[in-house]
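Here is the structure we will look at.
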Amino acid sequence: MDPEQLPPPESQSVPPLPPPRERKAAIGGLILVLAGILFLLNEFFPVNVGSVFLLVAGIAFLLAYFLGRRNVGFLIPGGIVSGVGLGILLEQYLPPVQSGVVVPICMGLGFAIIWVFERRHAWGLITGAILAAIGVYTYANQLAGFQDVARWWPMILIILGVWVLIRRIQ
C-alpha cells in the first residue's frame with residue numbers, strides 16, 4: 001500500500017498547547033508571582049536567597065514540565081534543583097547537630113520525583129534512595145550509641161548479595 005494513502009496516525013493523548021503568545025504570558029506571570037512571593041517572604045523571614053533561588057528555579061522547571069508537553073528535559077533539572085534548594089533552605093532552620101542530613105534527603109526526594117512522573121527513569125528512584133540513605137545514615141551516626149551498631153553495616157551488603165544470589169538460582 002502506498003504510504004500516501006495510509007490514514008493519518010491517531011494523535012496521542014497529549015493535549016494541544018495554547019498559542020505561543022499565551023504560553024509566554026503565562027510563564028512570565030508565573031515568574032512574577034514566584035519572585036513576588038520570594039521577596040515578600042524574605043521581608044518577614046530572612047533566608048538565604050541563593051537557596052530560595054535554587055528552589056524557585058527548580059519549581060520553574062517543574063512548571064515547564066507540567067504546563068508543557070511533559071518534556072523530561074524539564075523534569076530532570078526541576079526535580080534535582082528543587083531538591084537541592086529545598087534541602088539548603090530547610091537546613092538553615094535546623095540545629096547544627098543535624099547539619100549534612102537534610103540536603104541529601106531532599107536531593108533524594110528530588111531524584112525520586114523524576115521516577116514518580118516518568119517511570120521509565122528508574123535511575124531517579126535508585127539515586128534518590130541512595131542519597132536519602134546517606135542522609136539517614138549521617139543523622140543516625142550523630143545519635144549517641146549508633147557507632148557500635150554502625151560497625152555492622154557491611155551485613156546489609158552480605159544479606160543483599162545472598163538475596164540476589166538466591167533469586168538468581170530460583
Handout entry: Residue tally, condition among the aliphatic types (A, V, I, L, M) and modelled with pLDDT of 80 or more, over the range 38-51
Key = 1
Exercise for the section: Residue by residue through the range 101-120, note down the ones that are surrounded by fewer than 14 Cβ atoms within 10 Å (Cβ to Cβ) and more than 15 Å from the chain's Cα centre (by Cα). Expected result: Arg120
Problem - Neighbours by Cβ (under 8 Å, 6+ apart or cross-chain): first from the range 39-51, within 13 Å of Gly87 (Cβ to Cβ) and free of Cβ contacts under 8 Å to residues at least 24 places away in the same chain; second polar (S, T, N, Q) and surrounded by 13 or more Cβ atoms within 10 Å (Cβ to Cβ) - result: none
Exercise for the section: For the range 92-107, indicate whether the set of residues that are without any contact (Cβ under 8 Å) to a residue 12 or more places away in the chain, within 29 Å of Tyr137 (Cβ to Cβ) and part of a helix (DSSP H, G or I) is non-empty. Expected result: yes
Problem - Hits in the range 141-163 (condition: open to solvent by less than 80 Å² (accessible area, probe 1.4 Å), of a type in the set (A, V, I, L, M, F, W, C) and at pLDDT 80 or above) - result: Val162
Handout entry: Filter result for Ile76 (under 28 Å from Leu41 (Cα atoms) and either open to solvent by less than 30 Å² (accessible area, probe 1.4 Å) or in contact (Cβ under 8 Å) with a residue 24 or more places away in the chain (or both))
Key = yes
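Can you name the residue in the range 60-73 that is open to solvent by 60 Å² or more (accessible area, probe 1.4 Å) and either in a helix (DSSP H, G or I) or not charged (D, E, K, R) (or both) and is also farthest from Ala133 (Cα to Cα) among such residues?
Once the filter is applied, the top-ranked residue is Leu67.
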Practice task
Any chance you could count how many residues in the range 34-72 are within 30 Å of Arg120 (Cα to Cα) and charged (D, E, K, R)?
Solution key: 2
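The values are calculated or read from the model by the stated rules, or taken from the named source; none is laboratory data. The structure presented is a predicted model; accordingly, all values stated were derived computationally and were not measured. No Cβ is skipped: glycine too gets one built from the backbone with ideal geometry, and neighbour counts run over all protein chains shown. What goes into the accessible areas is simple: the full protein's heavy atoms, side chains included, and nothing from ligands, DNA or RNA. Shrake-Rupley method; radii C 1.70, N 1.55, O 1.52, S 1.80 Å.
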